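Undergrad: Provided herewith is a single structure, encoded as structure tokens, for subsequent inquiry.
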Amino acid sequence: MHLPPSAQPSHPAVRTSPAPAVDLPPAPKLTTEAIAALRAAGKVLLVQGAMGLHASDGLAGKVAAAPSGRFVPVGTISAVGKTVEGLVGEIRRARSEAPHGYVGVNLMAALNRDDFETLAKAALAEGISFLVQGAGISREVIRWCRDAQTPFVGIVSSGRLAATYERWGASFLVAEGSEAGGHIGDIDHPLAALVAEVRAATSLPVIAAGGIVGSEIGPLLRIGADGVQLATRFLACTDGDAHPNFKRMHLGKTEEDVVVITSTVKGMKARAIRNPFTEALAEGKAFPPKTKAWFYGREGYRGRRKSCIDCLARDLCICRESDFKESFCITDALLRAAVLGDVEEGLFYSGSSVTRIPERALEECTDAHGLVARLEAELGAWESVQ
Ligand SMILES: Cc1cc2nc3c(=O)[nH]c(=O)nc-3n(C[C@H](O)[C@H](O)[C@H](O)COP(=O)(O)O)c2cc1C
């Protein structure tokens, strides 16, 4: 069927018409006080970290609804690269799968300013358990969260930033070590030392993130974490929306398969799986933006139809700043990986824990509920020998 350009549908992953929010109770808020009460009851927060673009879609509600004796499972939706309708659809989907569970939204402050504000306000209006700010720092978003009576969460790589966020009114913090997947900055901040530093700098609840597998949860709780955030470990869950090739790309990997690249976003370092794309980047090849009509439809991303959709804030995108002669289009590379499963030209972000994922093939992987149960058993096994 040939459609006129204006009627060109977007990719199903964009989900342009969200299901109506029928009969959903108000989202439970993950406040400082709620976490204190859960901790007093002996519970541990298990947060599924957001993974853009599209990599963690479908998981937040399933994680938040997972039955667990020990964990309070928490799902996080990545807002990056989504249309407003797509984000609202993903929130409603997660909330209907886990009406009483904790579902938050992650938004990178490094985004185009208008997208950042529009998506943050759409998420807050929809009703979520918390909003977490990824790469970059915007103080304004804390005010928007306060106005919407929604907990704000900061991701921190130092005790100093933790103290600043506490002063600004954050409800809890994610201490993200350099073992994490995605953008990790330039600073060498291994997780255990970072958790100790952040714990000493703030009285807020601290969630440890970066390179964690089940057997490491207990030791992190012992040094003062109130919970853990895992992303890479959730990548290959059978009920996530990511392409099967994307899931396979993270299984059976060794140290030689993991590389640190220089991202388009401000030249930050980022960990990824080695493939022809990362090898070409290492040789200095540039990947200028291509049309995204296949994903967003002919109307483009929020009406932006050019190959470059201005996804990042001005002066943060090395590719655009170099007039597309250097670096790569991050939206193309991440969409190619998670949506198309393109193992040649996709960019597969990953945490250092990818080499310790016990499942070696897709057939050995479980759904999100099964993974939460596996992690609980691993925490129990560690505790039983202490
Ligand atoms: C594929 C992938 C995409 C990610 N995208 C984002 C993102 O958009 N925003 C963000 O704040 N963190 C992002 N992260 C970081 C995770 O949310 C999480 O904090 C971190 O990866 C935890 O470490 P782990 O993956 O080793 O468990 C991403 C991680 C991965 C693996």
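Undergrad: In the range 105-150, what count of residues is obtained for those that are out of contact with any Gly (no Cβ under 9 Å at 6 or more places or on another chain), within 16 Å of the ligand (Cβ to nearest atom) and farther than 22 Å from Val88 by Cβ?
TA: Selection size over the range 105-150: 1.
Undergrad: Where in the range 181-294 are there helices (runs of 4 or more DSSP H), lying fully within it, with 1 or more residues that are within 13 Å of the ligand (Cβ to nearest atom)? Steps first, answer last, please.
TA: Details: elements: 191-201, 217-222, 244-248, 276-282.
Qualifying helices (runs of 4 or more DSSP H): 191-201, 217-222, 244-248.
Undergrad: Sticking with this one: How about the range 315-386: which helices (runs of 4 or more DSSP H) wholly inside it have at least 3 residues that are under 19 Å from the mean Cα position of the chain (by Cα)? Steps first, please.
TA: Values: elements: 318-321, 330-335, 368-384.
The qualifying helices (runs of 4 or more DSSP H) are 330-335, 368-384.
Undergrad: All but one of (1) within 20 Å of Val174 (Cβ to Cβ); (2) surrounded by fewer than 23 Cβ atoms within 10 Å (Cβ to Cβ); (3) basic (Lys, Arg) hold for Arg248; which doesn't?
TA: In the conditions (1) within 20 Å of Val174 (Cβ to Cβ); (2) surrounded by fewer than 23 Cβ atoms within 10 Å (Cβ to Cβ); (3) basic (Lys, Arg), Arg248 misses (1) alone.
Undergrad: Is there any pair with a first residue in the range 46-68 that is in a helix (DSSP H, G or I) and open to solvent by 20 Å² or more (accessible area, probe 1.4 Å) and a second that is among the acidic types (Asp, Glu) and more than 11 Å from the ligand (Cβ to nearest atom) whose Cβ atoms are under 8 Å apart and which are 6 or more apart or on different chains, and what are they?
TA: Lys62/Glu97; Lys62/Asp239; Lys62/Asp367
Undergrad: Failed condition for Pro73, given (1) open to solvent by 20 Å² or more (accessible area, probe 1.4 Å); (2) assigned to a strand (DSSP E or B), with all others met?
TA: (1)
Undergrad: Continuing with the same structure: Consider Asp23 against the criteria (1) modelled with pLDDT of 95 or more; (2) open to solvent by 60 Å² or more (accessible area, probe 1.4 Å): it satisfies all of them except one. Which criterion is unmet?
TA: Among (1) modelled with pLDDT of 95 or more; (2) open to solvent by 60 Å² or more (accessible area, probe 1.4 Å), Asp23 violates only (1).
Undergrad: For the structure I just gave you, tell me whether Arg298 is away from the ligand (no atom under 15 Å from the Cβ) and within 19 Å of Ala110 (Cα to Cα). Spell out the reasoning first.
TA: Working: away from the ligand (no atom under 15 Å from the Cβ): yes; within 19 Å of Ala110 (Cα to Cα): no.
So Arg298 does not fit the description; no.
Undergrad: Out of (1) part of a helix (DSSP H, G or I); (2) open to solvent by less than 20 Å² (accessible area, probe 1.4 Å); (3) under 20 Å from Val174 (Cα atoms), the odd one out for Gly104 is which?
TA: Among (1) part of a helix (DSSP H, G or I); (2) open to solvent by less than 20 Å² (accessible area, probe 1.4 Å); (3) under 20 Å from Val174 (Cα atoms), Gly104 violates only (1).
Undergrad: Out of all the residues in the range 38-73, which are aliphatic (A, V, I, L, M) and touching a helix residue (DSSP H, G or I) at 6+ places or on another chain (Cβ under 6 Å)? Full working, then the answer.
TA: Initial filter on the range 38-73 (aliphatic (A, V, I, L, M)): 38, 40-41, 44-47, 50-51, 53, 55, 59-60, 63-66, 72.
Those that are aliphatic (A, V, I, L, M) and touching a helix residue (DSSP H, G or I) at 6+ places or on another chain (Cβ under 6 Å): Leu53, Ala55, Leu59, Ala60, Val63, Ala65, Ala66, Val72.
Undergrad: Out of Ala192, Ala208, Ala231, report the one residue that is open to solvent by less than 10 Å² (accessible area, probe 1.4 Å), assigned by TED's automatic domain parsing to the domain that holds Val63 and touching a residue at least 12 places away in the same chain (Cβ under 8 Å). It would help to see each step written out before you state the result.
TA: Values: Ala192 fails: open to solvent by less than 10 Å² (accessible area, probe 1.4 Å); Ala231 fails: open to solvent by less than 10 Å² (accessible area, probe 1.4 Å).
Checking each option against the conditions leaves just Ala208.
Undergrad: So which residues in the range 151-180 are of a type in the set (Ser, Thr, Tyr) and either open to solvent by less than 10 Å² (accessible area, probe 1.4 Å) or within 14 Å of the ligand (Cβ to nearest atom) (or both)? Walk me through how you get there before you give the answer.
TA: Of the residues in the range 151-180, the ones of a type in the set (Ser, Thr, Tyr) are 157-158, 164-165, 171, 178.
Residues satisfying the conditions are Ser157, Tyr165, Ser178.
Undergrad: Which is under 26 Å from Lys247 (Cα atoms), out of contact with any helix residue (DSSP H, G or I) (no Cβ under 8 Å at 6 or more places or on another chain) and outside the structural domain of Thr232 (by TED's automatic domain parsing), of Pro289, Pro276? Write out each step before concluding.
TA: Values: Pro289 fails: out of contact with any helix residue (DSSP H, G or I) (no Cβ under 8 Å at 6 or more places or on another chain).
Step by step, each of Pro289, Pro276 is checked, and only Pro276 is under 26 Å from Lys247 (Cα atoms), out of contact with any helix residue (DSSP H, G or I) (no Cβ under 8 Å at 6 or more places or on another chain) and outside the structural domain of Thr232 (by TED's automatic domain parsing).
Undergrad: Kindly evaluate Val141 against the criterion of being crowded, with 24+ Cβ neighbours inside 10 Å and more than 25 Å from His11 (Cβ to Cβ).
TA: Values: crowded, with 24+ Cβ neighbours inside 10 Å: no; more than 25 Å from His11 (Cβ to Cβ): yes.
Spelling it out, it is not the case that Val141 is crowded, with 24+ Cβ neighbours inside 10 Å and more than 25 Å from His11 (Cβ to Cβ).
Undergrad: A further question on this structure: Have a look at Ala333, Ala337, Ala361, Ala313 and point out the one that is surrounded by fewer than 17 Cβ atoms within 10 Å (Cβ to Cβ), among the small types (Gly, Ala, Ser) and in contact with a Leu (Cβ under 9 Å, 6 or more places away or on another chain). Break it down stepwise before answering.
TA: Values: Ala333 fails: surrounded by fewer than 17 Cβ atoms within 10 Å (Cβ to Cβ); Ala337 fails: surrounded by fewer than 17 Cβ atoms within 10 Å (Cβ to Cβ); Ala313 fails: surrounded by fewer than 17 Cβ atoms within 10 Å (Cβ to Cβ).
From the options Ala333, Ala337, Ala361, Ala313, the qualifying one is Ala361.
Undergrad: Within the range 340-356, which residues are surrounded by fewer than 20 Cβ atoms within 10 Å (Cβ to Cβ) and either farther than 25 Å from Glu97 by Cβ or β-branched (Val, Ile, Thr) (or both)? Spell out the reasoning first.
TA: Residues of the range 340-356 that are surrounded by fewer than 20 Cβ atoms within 10 Å (Cβ to Cβ), as a first pass: 340-341, 343-345, 355-356.
Within the range 340-356, Leu340, Val343, Glu344, Glu345, Thr355, Arg356 meet the criteria.
The values are calculated or read from the model by the stated rules, or taken from the named source; none is laboratory data. Bear in mind the structure is a predicted one, so any value in this text is a computation, not a measurement. Here Cβ is always computed from backbone atoms with ideal geometry, including for glycine, and neighbour counts include all displayed protein chains. Quick note on the areas: whole protein, heavy atoms, side chains included, nothing else; ligands and nucleic acids left out. Shrake-Rupley method; radii C 1.70, N 1.55, O 1.52, S 1.80 Å.
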